[in-house]
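Okay, so here's the structure we're looking at.
Just so it is clear, none of the values below were taken in a lab; they were calculated from the coordinates. This structure is a prediction, so every number in the text was calculated from the model and none was measured. Methodologically, a virtual Cβ is constructed for each residue, glycine included, from the backbone with ideal geometry; neighbour enumeration extends over all protein chains shown.
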Amino acid sequence: MDSQSFDILILGAGPAGVSAALTAHARGRSALVLGSDPMASPLARAERIENYPGLSGMSGRDMLAAMLGDLERQGIPRVAGRVTAVMAFGGQFMVSAEQDVYQAKALILAAGAQQAAKPFPGEGSLLGRGVSYCATCDGMLYRGKRVAVLGLGPGSEADRDFLESIGCQVLYFTGAQAKHVEIRGDERVTGLSVNGEEYAVDGVFVLREAVAASVLLPGLRMEDGHIAVGPDMATGLPGVYAAGDCTGKPYQIARAVGQGNVAALAADKFIKETGK
Ligand SMILES: Cc1cc2nc3c(=O)[nH]c(=O)nc-3n(C[C@H](O)[C@H](O)[C@H](O)COP(=O)(O)OP(=O)(O)OC[C@H]3O[C@@H](n4cnc5c(N)ncnc54)[C@H](O)[C@@H]3O)c2cc1C
């Protein structure tokens, strides 16, 4: 397992994340942008943007491509992958994306509005005790066992095939099938209810396009399904900032970009003041 250190880790490669990265870089901070497929941003579905200064008339896809191009031109690294775990200890953050682990002094959550998606009953309490977000990372723990895969994001079939290839007995549910899901168990996962039908399983892989920040960082204060922030985008957890649609409405590019800028300035100040 690889581990690399940065000043600031940015979760999300949409407008808020890119803006935060550009400002962090301008402040001389090393920053890494971690995000699942950038074209998963809702912006990619916008046919024509008319309210972003200087670029009006552009399609959402072209605007995203232009933003990602800015990262590339300035040599700001970006890793394509789902962030599946965040740990905070000793004043540092450790973030897992796919099989790699990254370390930083501050964290900016720019994960978009899907943060409002609620975890399934049992998902949060059994995370790490039978619930996993990453087949590649945890699959081996379930070799020879019966697991369920909730394939809610793209590429889930490949994870199902991987688990089968290492000897797991896999029950596979697509997003369309997994409408009403409850994960069962006290100490560990023992079963799963899907649309009222009960299945005995040892593990449940919940494979969404993105894992909600509220699940990754259980101490985060939420308001109406969004991350609560102060005027400097601070979340209340020391060193953790949030920006963009994940902090609330209106869901707009200009707001996301502005908040990304403020969050990066605040993260820079935090690192300076804490002498990290
Ligand atoms: C059809 C449509 C049209 C729109 N038109 C306009 C418009 O004309 N003008 C306007 O201002 N706004 C418009 N918007 C809104 C605009 O797209 C959003 O406000 C903007 O994209 C928000 O940026 P963001 O960076 O906060 O979040 P997002 O763009 O959602 O980016 C967040 C990224 O983080 C990733 N992510 C989340 N969690 C994880 C994780 N655990 N691991 C890895 N990656 C993760 C997501 O996959 C996503 O790619 C439109 C939206 C839609 C859907």
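Quick one: which of 227-236, 27-36 comes out on top by average Cβ neighbours within 10 Å, and what's the full order, highest first?
Result, highest mean Cβ count within 10 Å first: 27-36, 227-236.
Hey, fewest Cβ within 10 Å first, where do 168, 134 land in order?
Fewest to most other Cβ atoms nearby, the residues stand as 134, 168.
Using Cβ contacts closer than 10 Å as the measure, can you line up 49, 253 from fewest to most?
49, 253
Could you tell me which residue out of 113, 195, 252 lies farthest along the dipole of the chain toward its positive end? Charges go on the beta carbon: Lys and Arg +1, Asp and Glu -1, centred on the Cα centre.
Of 113, 195, 252, it is 252.
If I fit a long axis through the Cα atoms of helix 60-73 and take the longest principal axis of the Cα atoms of the chain, what angle between them do I get, 0 to 90°, rounded to 10?
70 degrees
If you consider only alpha-carbon coordinates, what radius of gyration and Dmax does segment 131-207 have, in Å?
When restricted to the Cα atoms of segment 131-207, Rg and Dmax are 11.3, 30 Å.
If a cysteine in the chain has no other Cys Cβ under 4.7 Å from its own Cβ, put it on the list, ordered by number.
168, 246, each lacking another Cys Cβ under 4.7 Å.
Would you calculate the volume per residue, in Å³, of the smallest convex hull containing every Cα atom of the chain?
For the chain, the hull spanned by Cα atoms encloses 132 Å³ per residue.
So how do 246, 137 line up by other beta-carbon neighbours within 10 Å, fewest first?
137, 246
Suppose the chain between residue 146 and residue 197 were pulled fully straight at 0.36 nm per residue; how much longer would it get relative to their current alpha carbon spacing?
16.7 nm
Counting other Cβ atoms within 10 Å of each Cβ, which GluC sites (Glu not before Pro) in segment 22-90 have at most 16 and sit in a DSSP loop?
47, 50
Taking the Cα centroid of segment 34-82 and of segment 4-18, what is the distance between the two, rounded to the nearest whole Å?
14 Å
Could you go through segment 251-257 in sequence order and give the Karplus-derived ³J(HN,Hα) for each residue, using 6.51 cos²θ - 1.76 cosθ + 1.60 with θ = phi - 60°, rounded to whole Hz, and x for Gly and Pro?
Each residue of segment 251-257 in turn: 7, 9, 5, 4, 5, 4, 5 Hz.
Rounded to the nearest 20 debye, what is the charge dipole size of segment 85-155 about its Cα centre when +1 sits on each Lys and Arg Cβ and -1 on each Asp and Glu Cβ?
220 debye
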